[in-house]
Amino acid sequence: MRPAAQSGISLIEVLITIAIVGIVIAMGVPAYGTWIQNTQIRTAADSILAGMQTARNEAIRRNAAVQFKLDGAGNTQWRVNFFSDPDTNPLQSRPAEEGSPNATIVVAPGGADTVTFSALGRVVPNADASPSITSVLVDNPTITVVADRRTLQIVVPTGGAIRMCDPKVAAGDPRAC
């Protein structure tokens, strides 16, 4: 009589499998980290764009001037207020820590932090005579390889038609700035 054959896997097969899985994970971790950081850029840019669109839509809906204001230098915290009483409770706001803690912004022109929309949805001068926001560049400096960054820009023309664009995209593409 023949003895029954043993079935299962050997220790060497287990070690080889663990080594292969470890190599695959080690190759994917840097790309995953960059993807997470780029997602924070997108989240911050989407939030600022939504805040500006909310301010514009509320100005049209309420037939009154409404302000969008960035709170704090270089971070993505913002609020939407009435033009006539900017110190009251905001119509809407977003804290900087919400979804994009590493994202930073650069506002043009320098020193601008507010844009005011009229009842027709157009950009009008701010109450305090400060310069109005014309663009916001959202970046994430924690991504060390600059070529891997997906910087986004929000453009605010005087007509009020706010849009988001990608500065790295070539002209002729609808995503270009």
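In the stretch 103-120, the condition of being over 25 Å from residue 167 (Cβ atoms) and either among the acidic types (Asp, Glu) or surrounded by fewer than 16 Cβ atoms within 10 Å (Cβ to Cβ) (or both) is met by at least one residue. For residue 163, the stated conditions do not hold, so it cannot be described as over 24 Å from residue 79 (Cα atoms) and among the basic types (Lys, Arg).
Within the stretch 29-50, the only residue that satisfies the criterion of being surrounded by 11 or more Cβ atoms within 10 Å (Cβ to Cβ) and more than 19 Å from the chain's Cα centre (by Cα) is 30. Scanning the stretch 125-163 for residues that are among the small types (Gly, Ala, Ser), under 16 Å from residue 67 (Cα atoms) and free of Cβ contacts under 8 Å to residues at least 60 places away in the same chain turns up 129, 130, 132, 135, 159, 161. Remark: residue 111 falls outside the filter, which requires a residue to be touching a residue at least 12 places away in the same chain (Cβ under 8 Å) and under 16 Å from residue 54 (Cα atoms). With respect to (1) more than 18 Å from residue 38 (Cβ to Cβ); (2) modelled with pLDDT of 90 or more; (3) under 15 Å from the mean Cα position of the chain (by Cα), the lone exception for residue 125 is condition (3).
Quick check on the stretch 8-24. Is at least one of its residues modelled with pLDDT under 90, touching a helix residue (DSSP H, G or I) at 6+ places or on another chain (Cβ under 9 Å) and farther than 30 Å from residue 69 by Cα? For the stretch 8-24, residues modelled with pLDDT under 90, touching a helix residue (DSSP H, G or I) at 6+ places or on another chain (Cβ under 9 Å) and farther than 30 Å from residue 69 by Cα: present.
Of everything in the stretch 127-149 that is assigned to a loop (DSSP other than H, G, I, E, B) and charged (D, E, K, R), the residue that is surrounded by the most Cβ atoms within 10 Å (Cβ to Cβ) is 149.
Conditions (1) in contact with a Ser or Thr (Cβ under 9 Å, 6 or more places away or on another chain); (2) part of a loop (DSSP other than H, G, I, E, B); (3) modelled with pLDDT under 85; (4) farther than 21 Å from residue 156 by Cβ, marked per residue:
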| position | (1), (2), (3), (4) |
| --- | --- |
| 81 | yes, no, yes, no |
| 88 | no, yes, yes, yes |
| 93 | no, no, yes, no |
| 100 | yes, yes, yes, no |
| 107 | yes, no, no, no |
| 110 | no, yes, no, no |
| 115 | yes, no, no, no |
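Restricting 45, 64 to those that are closer than 30 Å to residue 93 by Cβ, small (Gly, Ala, Ser) and not in a helix (DSSP H, G or I) reduces the list to 64.
The values are calculated or read from the model by the stated rules, or taken from the named source; none is laboratory data. What you see is a predicted model, and the numbers here were worked out from it, not measured in a lab. Here Cβ is always computed from backbone atoms with ideal geometry, including for glycine, and neighbour counts include all displayed protein chains.
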